[in-house]
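Read through the structure below, which is laid out as structure tokens, and then see the notes.
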Amino acid sequence: MSKSDTFWGRLLLRNGALLILPPMVITFGLWAALPPRYSFAQFWKDIPSWLGFLENLFRILVFGIPVLLYFGRGDKTQSLGWYFYSGGLIVYLASYLMQIVFPYSDWSMSVIGFSAPAWSTLVWLIGIGFVCSRSWLPLRWSRLIYLCCTVLFLIFHTGHTLLIYSRIAN
């Protein structure tokens, strides 16, 4: 048995929380370089409390659940998950870079381009859902729990972003 197959190996070396780190580096590393329309004050101004609550509730679940999971090896779904995850990170990074490098381009000013940092998370989050197939806790686990939380988070997160876009586009 290799060290990564022990309880502590799964908990520390193959913990799903490790997969949250690269997107957080992108988000927090590039956030300050985004155009002012993405500022915290602009983004949370006059957002309905129910929307903010539901978005943050599902954000906590989507970013917290991977801590309870570990990624395995060899399963076909997990292999597909790694493709979704790595491809999703590239798309997510590109969505930020387009806004930073070309802030007034047709793409960046369009509804699809403006909201890309929100909806592009779908791809790498699906990757996490496919890669992290087991819990290190003695619980029955189904990927569908995480994938449903992801879909609900993205409905509220993208809805929030589209609300901001409708404000700045008018």
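The values are calculated or read from the model by the stated rules, or taken from the named source; none is laboratory data. Predicted model only: the values in this text are computed from it and were never measured. As a convention, Cβ positions derive from the backbone with ideal geometry for all residues, glycine included, and neighbour counts pool all protein chains shown.
Mind checking which pairs have a first residue in the range 23-50 that is within 19 Å of Gly88 (Cβ to Cβ) and a second that is at pLDDT below 95, Cβ under 9 Å, 6 or more apart or different chains?
That search, which allows pairs on different chains as well, returns Trp31/Tyr38; Trp31/Phe40.
Consider Val67 carefully, then state whether it is among the β-branched types (Val, Ile, Thr), out of contact with any Pro (no Cβ under 8 Å at 6 or more places or on another chain) and either surrounded by fewer than 13 Cβ atoms within 10 Å (Cβ to Cβ) or farther than 24 Å from Ala33 by Cβ (or both).
yes
Any idea which of (1) touching a helix residue (DSSP H, G or I) at 6+ places or on another chain (Cβ under 8 Å); (2) at pLDDT 95 or above; (3) closer than 22 Å to Val131 by Cβ is the one Val67 doesn't satisfy?
(2)
For Tyr96, which of the numbered conditions (1) surrounded by 13 or more Cβ atoms within 10 Å (Cβ to Cβ); (2) over 25 Å from Val25 (Cβ atoms) fails to hold?
(2)
Sort out for me the helices (runs of 4 or more DSSP H) sitting completely within the range 96-170 that have 3 or more residues that are without any contact (Cβ under 8 Å) to a residue 24 or more places away in the chain and over 26 Å from Asp46 (Cβ atoms).
Those helices (runs of 4 or more DSSP H) span 143-169.
Just to be sure before I move on: is Leu80 surrounded by fewer than 15 Cβ atoms within 10 Å (Cβ to Cβ), in contact (Cβ under 8 Å) with a residue 24 or more places away in the chain, touching a Leu at 6+ places or on another chain (Cβ under 7 Å) and on the phi < 0 side of the Ramachandran plot in the structure I sent?
no
For Met98, all conditions in the list (1) at pLDDT 95 or above; (2) closer than 23 Å to Pro36 by Cβ; (3) of a type outside the set (Val, Ile, Thr); (4) out of contact with any Phe, Trp or Tyr (no Cβ under 8 Å at 6 or more places or on another chain) hold save one; what is the number of the exception?
Checking Met98 against (1) at pLDDT 95 or above; (2) closer than 23 Å to Pro36 by Cβ; (3) of a type outside the set (Val, Ile, Thr); (4) out of contact with any Phe, Trp or Tyr (no Cβ under 8 Å at 6 or more places or on another chain), the one that fails is (4).
Considering only residues that are closer than 25 Å to Gly127 by Cβ and at pLDDT 95 or above, look in the range 35-56 and name the one that is surrounded by the fewest Cβ atoms within 10 Å (Cβ to Cβ).
Checked the range 35-56; the qualifying residue surrounded by the fewest Cβ atoms within 10 Å (Cβ to Cβ) is Asn56.
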